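Contents: one structure, followed by commentary.
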Amino acid sequence: MFRIDDAHLAWVLEGLVDGEVRNRITVDPDTSRWARVALERMLDIV
């Protein structure tokens, strides 16, 4: 997290505006499924 500064955030957002996804993270389907379950549970609490 210490590497997320204003300059890097701007760089990523500018790429998105240009239609380019930078630093894409990919995981296997099982990890993706359980990560989604965890996120949905966290959002349900709010």
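Taking only DSSP H segments of four or more residues, each worth -39500 (n - 2.57), what value at 222 nm results for the chain once the sum is divided by all its residues, to the nearest 500 deg cm²/dmol?
Working: 2 runs with 29 residues, N = 46.
The helix-only estimate for the chain comes to -20500 deg cm²/dmol at 222 nm.
Roughly how tilted is helix 6-17, in degrees to the nearest 10 and between 0 and 90, from the longest Cα axis of the chain?
80 degrees
Computed from the coordinates by the stated procedures, all read-outs in this text should not be read as laboratory data. All values reported here derive from a predicted model rather than from experimental measurement.
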